[in-house]
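These notes concern the structure reproduced below.
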Amino acid sequence: MRDTTRREAVKARWLSAFGIARSLLIYWRPGRQRGLKNLYRPFLLPGTLAFDVGAHLGDRSAAFHSLGARVVALEPQPLLTRWCRRIVGNDVILLPLAAGATPGHAELAISPANLTVSTLADQWREQIGRHNAGFAHLHWAERERVNVTTLDALIAEYGEPAFIKIDVEGFEADVLAGLSQPVAALSVEFVSGALEVSHACVKRLSALGDYRYNIVAGEQRTFRWSGWKSDAEVHAWLAAGADRLASGDIYACRADHTLLN
């Protein structure tokens with residue numbers, strides 16, 4: 001039994017090391033930071049505040065900081081928190097927290113070889129592999145009890161952000177449920193096979209204020225649409241299958257944002 005436990009521990013460490021290496025290759029490849037800064041420059045003037053919810057290895061946090069923004073980053077996975085701190089340094093406020101509808105605690109499901117898909121969304125995790133072939137092989141083998149805060153609590157402590165990035169693997173609508181005011185701009189991830197989450201996000205934003213929307217496909221760093229669309233147009237785009245994109249991000253700007261005028 002002891003030998004089996006030791007082998008399992010060694011396997012888990014190797015899988016986690018593979019997961020970190022894979023993420024470094026994807027998110028810190030040469031030239032990526034330049035593209036991210038170009039993408040986020042219209043949202044973040046020097047001295048403004050950004051929230052990075054689901055910071056992972058801090059590529060977005062680093063881009064925000066390079067633009068002169070103050071950055072509050074949330075990453076609940078202990079291993080990723082340590083790596084993120086090594087990469088982004090001490091200029092970013094890095095909190096070992098998740099965000100949700102209410103403060104408290106939750107169980108994070110972790111896929112050691114694919115740390116980027118760790119999630120608090122149990123229903124999403126149970127169903128995504130059946131609806132999206134890219135997730136069919138994943139196994140969430142570990143669990144971690146994490147502390148949860150809300151966007152409202154973060155705003156109360158740090159101020160209102162000019163931009164919020166939310167990438168939390170099916171938990172995006174729960175994060176927005178913890179926001180009660182229409183911030184200037186934000187992004188939420190969408191994933192094929194779970195577009196009902198995206199519908200819920202757009203519905204929540206529509207309840208908070210008047211927003212316009214655009215799309216970035218996958219890990220690209222340019223907007224897909226030449227013009228910003230209404231909530232009804234985004235709902236229709238999602239209902240039609242989101243151009244069969246595997247994943248990407250929906251960007252939302254409040255109607256009075258300077259980017260739209």
Checklist line | Test set (1) modelled with pLDDT of 85 or more; (2) open to solvent by 60 Å² or more (accessible area, probe 1.4 Å); (3) in a helix (DSSP H, G or I) - residue 33 fails condition number | finding: (2)
Next item on the list: Please enumerate the residues belonging to segment 192-218 that are assigned to a helix (DSSP H, G or I), of a type outside the set (Lys, Arg) and either under 21 Å from residue 128 (Cα atoms) or out of contact with any helix residue (DSSP H, G or I) (no Cβ under 6 Å at 6 or more places or on another chain) (or both).
Entry: 195, 196, 197, 198, 199, 200, 201, 202, 205, 207, 208
Next item on the list: Sort out which residues of segment 132-143 are open to solvent by 30 Å² or more (accessible area, probe 1.4 Å), in contact (Cβ under 8 Å) with a residue 24 or more places away in the chain and over 17 Å from residue 171 (Cα atoms), and write them in order of number.
Entry: 134, 139, 141, 142
Check: Conditions: (1) of a type in the set (Ser, Thr, Tyr); (2) modelled with pLDDT of 75 or more; (3) open to solvent by 20 Å² or more (accessible area, probe 1.4 Å). Residue 5 meets all but one. Number of the miss?
Finding: (2)
Next item on the list: Please find, among 102, 48, 116, the residue that is within 15 Å of the chain's Cα centre (by Cα) and not aromatic (Phe, Trp, Tyr).
Entry: 116
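Criterion first (assigned to a helix (DSSP H, G or I) and either touching a Phe, Trp or Tyr at 6+ places or on another chain (Cβ under 9 Å) or of a type outside the set (Val, Ile, Thr) (or both)) does residue 237 satisfy it?
yes
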Item checked: Subset of segment 49-87 that is assigned to a loop (DSSP other than H, G, I, E, B) and in contact with a strand residue (DSSP E or B) (Cβ under 7 Å, 6 or more places away or on another chain) - its residue that is nearest to residue 190 (Cα to Cα) -> 54
Notebook entry, point to check: Would it be correct to say that residue 178 is surrounded by 15 or more Cβ atoms within 10 Å (Cβ to Cβ), assigned to a loop (DSSP other than H, G, I, E, B) and either β-branched (Val, Ile, Thr) or in contact with a strand residue (DSSP E or B) (Cβ under 8 Å, 6 or more places away or on another chain) (or both)?
Noted result: yes
Checklist line | Filtered residue count, segment 157-175, keeping only those that are open to solvent by 10 Å² or more (accessible area, probe 1.4 Å), within 19 Å of residue 43 (Cα to Cα) and not charged (D, E, K, R) | finding: 3
Next item on the list: Output the residues belonging to segment 97-122 that are within 16 Å of residue 143 (Cβ to Cβ) and open to solvent by 70 Å² or more (accessible area, probe 1.4 Å).
Entry: 105, 107, 122
Next item on the list: Being at positive phi and in contact (Cβ under 8 Å) with a residue 12 or more places away in the chain narrows it down to one of 252, 242, so name that one.
Entry: 242
Next item on the list: Filter segment 56-94 down to residues that are within 14 Å of residue 24 (Cβ to Cβ), modelled with pLDDT of 95 or more and either among the aliphatic types (A, V, I, L, M) or over 17 Å from the mean Cα position of the chain (by Cα) (or both), then give me how many there are.
Entry: 1
Next item on the list: Filter segment 212-261 down to the residues that are surrounded by 14 or more Cβ atoms within 10 Å (Cβ to Cβ) and small (Gly, Ala, Ser), then identify the one that is farthest from the chain's Cα centre (by Cα).
Entry: 230
Next item on the list: Evaluate the following for residue 189: is it in a strand (DSSP E or B), under 24 Å from residue 259 (Cβ atoms), of a type outside the set (A, V, I, L, M, F, W, C) and touching a residue at least 24 places away in the same chain (Cβ under 8 Å)?
Entry: yes
Item checked: Every residue from segment 36-48 that is part of a helix (DSSP H, G or I) and not basic (Lys, Arg) -> 36, 38, 39, 40
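The values are calculated or read from the model by the stated rules, or taken from the named source; none is laboratory data. Being a predicted model, the structure only gives us computed values, none of them experimental. In this analysis, Cβ positions are derived from the backbone assuming ideal geometry, glycine residues included, and neighbour counts consider all displayed protein chains. Surface accessibility is based on the protein's heavy atoms, side chains included, excluding ligands, DNA and RNA. Shrake-Rupley method; radii C 1.70, N 1.55, O 1.52, S 1.80 Å.
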